[in-house]
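So the structure is just underneath, and the comments pick up after that.
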Amino acid sequence: MVGRRPPRHGARTAPAPRTPAPRPGRTRGALVCVLVALCVSTAGSPARAAPLRDDPTWSAAPAPPAGTPGPDARSYFYLEGEPGTVLRDSVALTNPGDESRTFRLRGADAYNERGGGFAVREEGRSRGPGKWIATAEDTVEVPPRTRAEVPLSVTLPDSAVPGDHPAALVVDDGERKVGVRMYLRVSGPTLAALSIENVSVEERDDGSAAIGYTLVNRGNTTLRPRLAVDADGLFGSLIRQPARALPVELLPGRSVTRHERWPKPPSVDVAHVRLTVTAEAGARATATTTYPAVPVGWLVGVLLVLAGGAVGWYARRRRAGGRADRTPSPPAPPERHERRPRPQPAAPTTGAAK
(Lines give C-alpha, C1' and ligand atoms only; values in the text may rest on other atoms or scores of the structure.)
Protein backbone atom coordinates (compact mmCIF):
# COMPACT_ATOMS: atom_id res chain seq x y z
CA MET A 1 0.00 0.00 0.00
CA VAL A 2 1.22 3.51 -0.73
CA GLY A 3 2.43 5.39 2.31
CA ARG A 4 2.84 2.31 4.55
CA ARG A 5 6.28 0.96 5.53
CA PRO A 6 6.70 -2.79 4.82
CA PRO A 7 7.36 -4.95 7.93
CA ARG A 8 10.91 -6.06 8.68
CA HIS A 9 11.84 -9.71 8.60
CA GLY A 10 11.23 -11.46 11.87
CA ALA A 11 8.85 -8.78 13.12
CA ARG A 12 5.21 -9.39 13.73
CA THR A 13 2.58 -6.88 12.74
CA ALA A 14 -0.30 -6.21 15.02
CA PRO A 15 -3.70 -6.93 13.56
CA ALA A 16 -5.67 -3.87 12.43
CA PRO A 17 -8.31 -2.86 14.95
CA ARG A 18 -11.88 -3.61 13.93
CA THR A 19 -14.26 -0.72 13.42
CA PRO A 20 -17.47 -1.37 15.28
CA ALA A 21 -20.56 -1.45 13.11
CA PRO A 22 -23.04 1.41 13.56
CA ARG A 23 -25.85 0.71 15.93
CA PRO A 24 -29.43 1.26 14.83
CA GLY A 25 -30.02 3.68 17.71
CA ARG A 26 -27.36 6.04 16.37
CA THR A 27 -28.61 6.20 12.76
CA ARG A 28 -30.75 9.30 13.22
CA GLY A 29 -28.04 11.23 15.04
CA ALA A 30 -25.45 10.37 12.38
CA LEU A 31 -27.78 11.52 9.60
CA VAL A 32 -28.36 14.87 11.30
CA CYS A 33 -24.60 15.38 11.66
CA VAL A 34 -24.10 14.66 7.97
CA LEU A 35 -26.83 17.16 7.04
CA VAL A 36 -25.25 19.87 9.19
CA ALA A 37 -21.85 19.29 7.62
CA LEU A 38 -23.29 19.55 4.11
CA CYS A 39 -25.09 22.91 4.61
CA VAL A 40 -23.10 24.91 2.05
CA SER A 41 -24.73 27.31 -0.40
CA THR A 42 -23.29 29.15 -3.39
CA ALA A 43 -24.04 32.65 -4.64
CA GLY A 44 -25.55 33.28 -8.08
CA SER A 45 -24.40 35.63 -10.78
CA PRO A 46 -25.84 39.17 -10.83
CA ALA A 47 -28.49 40.10 -13.39
CA ARG A 48 -27.44 42.18 -16.38
CA ALA A 49 -29.02 45.50 -17.19
CA ALA A 50 -31.10 45.76 -20.36
CA PRO A 51 -29.62 47.88 -23.17
CA LEU A 52 -31.07 51.33 -23.79
CA ARG A 53 -33.32 51.90 -26.82
CA ASP A 54 -33.07 54.76 -29.26
CA ASP A 55 -35.79 57.42 -29.26
CA PRO A 56 -38.51 56.75 -31.88
CA THR A 57 -38.84 58.98 -34.92
CA TRP A 58 -42.58 59.49 -34.29
CA SER A 59 -45.02 59.03 -31.41
CA ALA A 60 -48.67 58.26 -30.75
CA ALA A 61 -50.45 59.14 -27.49
CA PRO A 62 -53.82 60.33 -26.20
CA ALA A 63 -54.38 63.95 -27.17
CA PRO A 64 -53.60 66.23 -24.20
CA PRO A 65 -56.46 68.13 -22.63
CA ALA A 66 -56.71 71.82 -23.39
CA GLY A 67 -54.12 73.86 -21.50
CA THR A 68 -51.55 71.09 -20.98
CA PRO A 69 -47.96 71.86 -22.06
CA GLY A 70 -47.09 68.85 -24.24
CA PRO A 71 -48.40 65.86 -26.19
CA ASP A 72 -47.36 63.34 -23.54
CA ALA A 73 -49.66 64.54 -20.78
CA ARG A 74 -51.43 61.16 -20.88
CA SER A 75 -49.77 57.84 -21.55
CA TYR A 76 -52.99 55.82 -21.97
CA PHE A 77 -56.73 56.18 -22.51
CA TYR A 78 -59.20 55.71 -19.67
CA LEU A 79 -62.87 55.74 -20.60
CA GLU A 80 -65.85 54.65 -18.48
CA GLY A 81 -69.58 54.55 -19.11
CA GLU A 82 -72.83 52.66 -18.89
CA PRO A 83 -73.68 49.86 -21.36
CA GLY A 84 -75.05 51.32 -24.59
CA THR A 85 -73.21 54.66 -24.33
CA VAL A 86 -70.68 56.16 -26.76
CA LEU A 87 -67.38 57.48 -25.33
CA ARG A 88 -65.23 59.95 -27.28
CA ASP A 89 -61.56 60.98 -27.24
CA SER A 90 -58.68 61.83 -29.63
CA VAL A 91 -55.24 60.44 -30.43
CA ALA A 92 -52.26 62.70 -31.20
CA LEU A 93 -49.83 61.63 -33.93
CA THR A 94 -46.53 63.55 -33.82
CA ASN A 95 -44.15 63.54 -36.80
CA PRO A 96 -40.91 65.40 -35.93
CA GLY A 97 -39.12 64.27 -39.10
CA ASP A 98 -38.46 66.05 -42.39
CA GLU A 99 -40.75 63.81 -44.45
CA SER A 100 -44.46 63.11 -44.40
CA ARG A 101 -45.65 59.88 -42.82
CA THR A 102 -48.79 57.86 -43.42
CA PHE A 103 -50.33 56.03 -40.45
CA ARG A 104 -52.94 53.29 -40.28
CA LEU A 105 -55.13 53.10 -37.16
CA ARG A 106 -57.22 50.22 -35.77
CA GLY A 107 -58.61 48.96 -32.47
CA ALA A 108 -57.44 45.69 -30.92
CA ASP A 109 -58.12 43.45 -27.94
CA ALA A 110 -55.39 43.48 -25.28
CA TYR A 111 -54.17 40.51 -23.26
CA ASN A 112 -51.30 39.35 -21.04
CA GLU A 113 -48.53 37.31 -22.56
CA ARG A 114 -47.46 34.20 -20.65
CA GLY A 115 -44.75 36.15 -18.82
CA GLY A 116 -47.04 39.08 -18.03
CA GLY A 117 -46.29 41.49 -20.86
CA PHE A 118 -49.00 43.64 -22.46
CA ALA A 119 -49.87 42.43 -25.97
CA VAL A 120 -52.55 43.08 -28.60
CA ARG A 121 -54.34 40.85 -31.10
CA GLU A 122 -53.32 40.76 -34.71
CA GLU A 123 -55.48 42.50 -37.27
CA GLY A 124 -58.78 40.72 -37.82
CA ARG A 125 -58.52 38.59 -34.64
CA SER A 126 -60.17 40.89 -32.11
CA ARG A 127 -63.51 39.65 -30.77
CA GLY A 128 -63.99 41.94 -27.75
CA PRO A 129 -63.42 45.62 -26.92
CA GLY A 130 -61.11 46.07 -29.90
CA LYS A 131 -64.18 45.99 -32.14
CA TRP A 132 -65.86 48.74 -30.07
CA ILE A 133 -63.21 51.29 -31.17
CA ALA A 134 -63.66 53.42 -34.27
CA THR A 135 -61.49 56.30 -35.55
CA ALA A 136 -62.60 59.24 -37.69
CA GLU A 137 -60.13 58.06 -40.34
CA ASP A 138 -58.43 54.69 -40.77
CA THR A 139 -55.48 56.21 -42.66
CA VAL A 140 -53.92 59.57 -41.79
CA GLU A 141 -51.04 61.44 -43.47
CA VAL A 142 -49.09 63.73 -41.17
CA PRO A 143 -46.80 66.42 -42.71
CA PRO A 144 -43.24 66.97 -41.45
CA ARG A 145 -42.79 68.57 -38.01
CA THR A 146 -46.52 68.37 -37.40
CA ARG A 147 -48.84 66.92 -34.79
CA ALA A 148 -52.25 65.74 -35.92
CA GLU A 149 -55.16 64.89 -33.64
CA VAL A 150 -57.55 62.19 -34.82
CA PRO A 151 -60.96 61.82 -33.10
CA LEU A 152 -62.06 58.36 -31.99
CA SER A 153 -65.13 56.83 -30.38
CA VAL A 154 -65.85 53.75 -28.27
CA THR A 155 -69.37 52.28 -28.39
CA LEU A 156 -70.18 50.13 -25.36
CA PRO A 157 -72.63 47.36 -26.30
CA ASP A 158 -75.89 47.02 -24.43
CA SER A 159 -74.78 43.53 -23.39
CA ALA A 160 -71.38 44.64 -22.05
CA VAL A 161 -70.74 43.20 -18.57
CA PRO A 162 -69.48 45.48 -15.77
CA GLY A 163 -65.75 45.68 -15.15
CA ASP A 164 -62.56 46.40 -17.07
CA HIS A 165 -62.24 45.62 -20.77
CA PRO A 166 -58.59 46.23 -21.81
CA ALA A 167 -57.94 47.23 -25.40
CA ALA A 168 -55.47 49.27 -27.45
CA LEU A 169 -55.32 51.62 -30.40
CA VAL A 170 -52.70 50.30 -32.82
CA VAL A 171 -50.81 52.84 -34.99
CA ASP A 172 -48.72 51.49 -37.90
CA ASP A 173 -46.53 53.46 -40.33
CA GLY A 174 -45.36 50.39 -42.28
CA GLU A 175 -42.03 50.17 -40.42
CA ARG A 176 -43.08 49.79 -36.80
CA LYS A 177 -46.25 49.49 -34.73
CA VAL A 178 -47.26 51.26 -31.53
CA GLY A 179 -50.09 50.12 -29.26
CA VAL A 180 -51.61 52.89 -27.15
CA ARG A 181 -53.26 51.29 -24.12
CA MET A 182 -56.93 51.86 -23.61
CA TYR A 183 -58.59 51.01 -20.28
CA LEU A 184 -62.32 50.71 -20.85
CA ARG A 185 -64.59 50.26 -17.84
CA VAL A 186 -68.25 49.40 -18.00
CA SER A 187 -70.01 50.85 -14.96
CA GLY A 188 -71.44 48.38 -12.47
CA PRO A 189 -70.38 45.99 -9.69
CA THR A 190 -66.68 45.10 -9.67
CA LEU A 191 -64.82 42.19 -8.11
CA ALA A 192 -61.10 42.01 -7.29
CA ALA A 193 -59.98 38.40 -6.86
CA LEU A 194 -56.87 36.40 -7.74
CA SER A 195 -55.23 33.05 -7.03
CA ILE A 196 -51.75 31.47 -7.08
CA GLU A 197 -51.25 28.13 -8.80
CA ASN A 198 -48.46 25.72 -9.81
CA VAL A 199 -45.89 26.81 -7.22
CA SER A 200 -42.57 24.96 -7.66
CA VAL A 201 -38.84 25.31 -6.96
CA GLU A 202 -36.26 24.25 -9.55
CA GLU A 203 -32.47 24.20 -9.30
CA ARG A 204 -30.35 25.99 -11.89
CA ASP A 205 -26.90 25.26 -13.27
CA ASP A 206 -25.34 28.33 -11.62
CA GLY A 207 -26.22 27.11 -8.11
CA SER A 208 -29.29 29.30 -7.72
CA ALA A 209 -32.94 28.24 -7.80
CA ALA A 210 -36.11 29.54 -9.42
CA ILE A 211 -39.46 29.77 -7.64
CA GLY A 212 -42.12 29.39 -10.31
CA TYR A 213 -45.78 30.30 -9.93
CA THR A 214 -48.85 31.29 -11.93
CA LEU A 215 -51.08 34.26 -11.07
CA VAL A 216 -54.71 34.13 -12.19
CA ASN A 217 -57.04 37.16 -12.19
CA ARG A 218 -60.44 35.75 -11.27
CA GLY A 219 -62.22 39.10 -11.00
CA ASN A 220 -63.37 41.73 -13.50
CA THR A 221 -60.85 44.49 -12.71
CA THR A 222 -57.24 45.01 -13.70
CA LEU A 223 -54.88 44.17 -10.82
CA ARG A 224 -51.34 45.30 -9.98
CA PRO A 225 -50.15 42.50 -7.70
CA ARG A 226 -47.56 42.65 -4.91
CA LEU A 227 -45.62 39.51 -3.94
CA ALA A 228 -44.06 38.45 -0.62
CA VAL A 229 -41.88 35.31 -0.33
CA ASP A 230 -41.10 33.40 2.88
CA ALA A 231 -39.19 30.14 3.31
CA ASP A 232 -38.32 28.15 6.44
CA GLY A 233 -36.03 25.13 6.70
CA LEU A 234 -35.16 22.55 9.30
CA PHE A 235 -32.40 24.80 10.63
CA GLY A 236 -34.27 28.14 10.65
CA SER A 237 -35.46 30.92 8.35
CA LEU A 238 -34.23 30.93 4.74
CA ILE A 239 -36.12 33.80 3.03
CA ARG A 240 -37.96 36.84 4.39
CA GLN A 241 -38.78 38.94 1.32
CA PRO A 242 -41.33 41.67 2.05
CA ALA A 243 -44.11 42.48 -0.38
CA ARG A 244 -42.95 44.28 -3.54
CA ALA A 245 -44.79 45.42 -6.64
CA LEU A 246 -44.51 43.09 -9.63
CA PRO A 247 -43.96 44.57 -13.10
CA VAL A 248 -47.30 43.14 -14.24
CA GLU A 249 -50.76 44.50 -14.95
CA LEU A 250 -52.89 41.41 -14.58
CA LEU A 251 -55.91 41.83 -16.85
CA PRO A 252 -59.31 40.33 -15.99
CA GLY A 253 -59.60 36.63 -16.74
CA ARG A 254 -55.93 36.35 -17.67
CA SER A 255 -53.05 34.38 -16.10
CA VAL A 256 -49.29 34.96 -16.09
CA THR A 257 -46.43 32.64 -15.17
CA ARG A 258 -43.42 34.14 -13.43
CA HIS A 259 -40.19 33.00 -11.75
CA GLU A 260 -38.52 34.53 -8.71
CA ARG A 261 -34.75 34.03 -8.47
CA TRP A 262 -33.49 32.44 -5.24
CA PRO A 263 -29.77 33.27 -5.26
CA LYS A 264 -28.69 31.16 -2.27
CA PRO A 265 -30.89 28.09 -1.80
CA PRO A 266 -29.79 25.57 0.85
CA SER A 267 -27.58 22.70 -0.23
CA VAL A 268 -29.12 20.25 2.23
CA ASP A 269 -32.43 21.06 3.86
CA VAL A 270 -36.18 20.68 3.52
CA ALA A 271 -37.61 24.16 2.79
CA HIS A 272 -41.24 25.17 3.22
CA VAL A 273 -41.85 27.99 0.70
CA ARG A 274 -44.87 30.30 1.02
CA LEU A 275 -45.99 32.94 -1.53
CA THR A 276 -48.44 35.71 -0.61
CA VAL A 277 -49.92 37.98 -3.30
CA THR A 278 -52.01 41.07 -2.60
CA ALA A 279 -53.65 43.66 -4.83
CA GLU A 280 -56.01 46.60 -4.67
CA ALA A 281 -59.55 46.27 -3.31
CA GLY A 282 -58.46 43.62 -0.79
CA ALA A 283 -57.50 40.88 -3.23
CA ARG A 284 -55.23 38.32 -1.54
CA ALA A 285 -54.00 34.78 -2.17
CA THR A 286 -51.47 32.39 -0.57
CA ALA A 287 -49.84 29.19 -1.82
CA THR A 288 -47.10 26.90 -0.49
CA THR A 289 -44.75 24.20 -1.69
CA THR A 290 -41.97 22.01 -0.23
CA TYR A 291 -38.43 22.04 -1.60
CA PRO A 292 -36.29 19.03 -0.49
CA ALA A 293 -32.72 20.20 -1.12
CA VAL A 294 -30.74 16.95 -0.89
CA PRO A 295 -27.83 16.34 -3.33
CA VAL A 296 -28.26 12.98 -5.01
CA GLY A 297 -24.59 12.02 -4.68
CA TRP A 298 -24.42 12.72 -0.97
CA LEU A 299 -27.78 11.05 -0.38
CA VAL A 300 -26.58 7.88 -2.14
CA GLY A 301 -23.39 7.95 -0.07
CA VAL A 302 -25.26 8.29 3.21
CA LEU A 303 -27.64 5.49 2.25
CA LEU A 304 -24.70 3.24 1.32
CA VAL A 305 -23.01 3.92 4.68
CA LEU A 306 -26.22 3.16 6.57
CA ALA A 307 -26.86 0.06 4.49
CA GLY A 308 -23.29 -1.16 5.06
CA GLY A 309 -23.64 -0.64 8.81
CA ALA A 310 -26.92 -2.53 8.86
CA VAL A 311 -25.42 -5.42 6.87
CA GLY A 312 -22.41 -5.58 9.21
CA TRP A 313 -24.62 -5.55 12.28
CA TYR A 314 -26.77 -8.32 10.86
CA ALA A 315 -23.69 -10.39 9.95
CA ARG A 316 -22.31 -10.05 13.47
CA ARG A 317 -25.61 -11.18 14.90
CA ARG A 318 -25.62 -14.20 12.61
CA ARG A 319 -22.04 -15.13 13.60
CA ALA A 320 -22.87 -14.74 17.28
CA GLY A 321 -25.91 -16.96 16.83
CA GLY A 322 -23.86 -19.57 14.98
CA ARG A 323 -21.26 -19.75 17.76
CA ALA A 324 -24.03 -20.19 20.31
CA ASP A 325 -25.45 -23.11 18.30
CA ARG A 326 -22.04 -24.87 18.20
CA THR A 327 -21.47 -24.72 22.02
CA PRO A 328 -21.86 -28.28 23.50
CA SER A 329 -24.71 -28.58 25.93
CA PRO A 330 -24.08 -30.13 29.40
CA PRO A 331 -24.94 -33.86 29.73
CA ALA A 332 -28.38 -34.61 30.96
CA PRO A 333 -28.57 -36.13 34.47
CA PRO A 334 -29.23 -39.90 34.55
CA GLU A 335 -32.75 -40.95 34.90
CA ARG A 336 -33.74 -42.04 38.36
CA HIS A 337 -36.10 -45.00 38.48
CA GLU A 338 -38.30 -45.24 41.53
CA ARG A 339 -38.20 -48.66 43.13
CA ARG A 340 -41.61 -49.93 44.03
CA PRO A 341 -41.91 -51.99 47.24
CA ARG A 342 -42.52 -55.70 46.76
CA PRO A 343 -45.82 -56.98 48.01
CA GLN A 344 -45.57 -58.84 51.39
CA PRO A 345 -47.23 -62.26 51.72
CA ALA A 346 -50.31 -62.28 53.84
CA ALA A 347 -49.93 -63.71 57.41
CA PRO A 348 -51.52 -67.20 58.05
CA THR A 349 -54.85 -67.12 59.73
CA THR A 350 -54.99 -68.95 63.11
CA GLY A 351 -57.99 -70.22 65.03
CA ALA A 352 -59.64 -68.16 67.66
CA ALA A 353 -58.58 -68.81 71.29
CA LYS A 354 -60.93 -70.73 73.33
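The values are calculated or read from the model by the stated rules, or taken from the named source; none is laboratory data. Keep in mind it's a predicted model, so treat the numbers as computed, not measured. Note that each Cβ is placed from the backbone with ideal geometry, even for glycine, and that neighbours are counted across all protein chains shown. SASA here: full protein model, heavy atoms, side chains in, ligands and nucleic acids out. Shrake-Rupley method; radii C 1.70, N 1.55, O 1.52, S 1.80 Å.
Karplus-based coupling profile of region 207-219, in residue order and whole Hz: x, 8, 9, 10, 9, x, 7, 10, 9, 10, 8, 9, x, with θ = phi - 60° in 6.51 cos²θ - 1.76 cosθ + 1.60 and x standing for Gly or Pro.
For the ranges 77-85, 165-173, what's the packing order if you count other beta-carbon atoms within 10 Å of each residue, average per peptide, and put the highest first?
Numbers: 77-85: 15.3, 165-173: 23.3.
Peptide ranking by packing, descending: 165-173, 77-85.
For Arg74, the amide hydrogen comes within under 5 Å of no other amide hydrogen, counting only partners 5 or more places away or on other chains and with H modelled in the peptide plane. In terms of packing, defined here as the mean over residues of other Cβ atoms within 10 angstrom, the peptides 194-204, 218-228 line up highest first as 218-228, 194-204.
Annotation: Lys264 carries an accessible surface of approximately 130 Å², with a 1.4 Å probe and no ligand, DNA or RNA atoms counted.
Evaluate E = 1/(1 + (r/R0)^6) for Arg244 and Asp205, where r is the Cβ-Cβ distance and R0 equals 22 Å; express this FRET efficiency to the nearest 0.05. Mind dumping the intermediate values first?
On the way: r = 26 Å, r/R0 = 1.20.
In this case the efficiency is close to 0.25.
What distance in nm lies between label points placed 7 Å from Cα along the C-beta direction at Ala66 and Ser100? Once both label points are built, they end up 3.0 nm from each other.
Multiplying the sequence separation of Ser195 and Glu82 by 0.36 nm and subtracting their Cα-Cα distance, what value in nm do you get? Don't jump to the answer; show the numbers that get you there.
Numbers: separation 113, 0.36 × 113 = 40.68 nm, distance 2.89 nm.
Extending this stretch completely gives an extra 37.8 nm.
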